[in-house]
Amino acid sequence: MSGNAELRRLVMFQGVLLVVLLLALSNAPVGDAIWLNVPPTGTKCVSEEIQSNVVVLSDYVVVSDDHGHVPTISAKVTSPYGNNLHHKENVTHGQFAFTTQEAGNYLACFWTDSHTRGAGEVSVNIEWKTGIAAKDWESVARKEKIEGVELELRKLEGAVEAIHENLLYLRDREAEMRTTSENTNARVAWFSIMSLGICIVVSGSQIWYLKRYFQKKKLI
Amino acid sequence: MERKWRKIWGLIGLLLLNFVNNVSSLSLTITKVECVYKIVRSEGDIVSGNFVVVDHHIFWSSDHPGIDFSIISPGGDILHNLKGTSGDKFSFKAPRSGLYQFCFHNPLSTPETIALYIHIGHIPNEHNLAKNEHVDPINVKIAELREALEAVTTEQKYLKARDAVHRRTNESTKKRVIGYTVGEYILLTIASVLQVVYIRRLFSKSVGYNRI
């Protein structure tokens, strides 16, 4: 990495740090965001294995150091069966929300557009929330008229329920894998015995055939 | 109209995180070097997480060197350095606020998929607040309770990722058992048929010879 790019990166990080500190002091939460560097060529993909009927909420923003030229990116989100859930080109920010219909690997891909290519790597701030983290607590508070400590405790109750669900899921998966393992174990035993059996049968038939052949040729 | 509503919903969702509840769980594909960055809002936050290498393209040898993992603080110090792992947990107290880098390095050229989960836990204390603000002790207790629950969730994410790896290994083993056994049977039969054919040819020539 050349010194110039390093310096630019440092300056950019410091600038962003300042912005972040300002935001933090003004009590506007940054949220649970992850930053990624989208390379100038090729795509950067993130994925997650999600069960069905789970709410997914996501928000992505391009972070740039100089305000004159903000690079744009394109984003695409696909379901495990290949359905296109979200597709946007040439944007600096965007968000998508959906409820998963099928369980599987959900893929979100980002790539820089051809217009802004040559600007190096683009930093994208991605917020990705699934399940209990994506729950809309504001509307729950409004609907049931609870606030403060009670709301916090309600959130904790939601978290405990999510943990319970996860535990059940893990237990089911473990049971599935145990079945597969025992199946494979039984199969290995059967196939080995069968292989021995086939070996004996084949060699027996060889001997029988050759004996008959030699007897026909009057060599024995 | 729906888009506007979605925007509002998204904004509300964003604004909701008053007590920092930072979680993020993602899978990335690493070809050479990949870095994930996360902002830690206040010093003293506990950063915990784990990662598991999900795709092991190991077919013939278990000599895979593994993935190198390092955590770099905003000041540039390396907080955590692991070489050649296939998954690990990490937890540290952030010495300062800022942007933390979680970097992976893949020594081989085959891309590997990594499931990463990072959680930043913040417990409000008297330290960071202005002079005339007080921290309600019940809020502190609630935050501690939430952090304990998040620790359980972190562990669960780790177990989920490990379970995914084991499932892949199991399914691969099952396929291999069937494939290799059927191939073995076919090969055995072909070899024995060829043997018989060869012996036939051998003896038919020599018999022809002896008739001269």
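Some points to look at:
- Here the range A:79-168 has an Rg and Dmax of 18.3, 53 Å, counting Cα atoms alone.
- Inter-label distance, nm, simple model (7 Å from Cα along the C-beta direction), B:Arg167/A:Glu144: 3.1
- In this rough spin-label picture, where each label sits 7 Å from Cα along the Cβ direction, the A:Asp65-B:Lys93 distance is 3.3 nm.
- Gyration tensor over alpha-carbon atoms, the range A:34-135, equivalent ellipsoid semi-axes in Å: 26, 14, 10
- Separation in nanometres of the label points that stand 7 Å from Cα toward Cβ, at A:Val160 and A:Glu176: 2.9
- Relative contact order (percent, whole number), the range A:34-135, Cα cutoff 8 Å, 6+ residue spacing: 47
- Low-density loop positions, chymotrypsin sites (Phe, Trp or Tyr not before Pro), the range A:80-185 - DSSP coil, at most 13 other Cβ in 10 Å: A:Tyr81
- The smallest convex shape that holds all Cα atoms of the range A:138-219, its convex hull, gives 111 Å³ per residue.
- Relative exposure of A:Thr130, B:Thr169, judged by other C-beta atoms within 10 Å (fewest first): B:Thr169, A:Thr130
Bear in mind these aren't lab numbers, they're just calculated from the coordinates by the rules spelled out. The model shown is predicted, which means the values in this text are computed figures rather than measured ones. Neighbour counts are summed over all protein chains in view; Cβ atoms, including those assigned to glycine, are modelled from backbone coordinates with ideal geometry.
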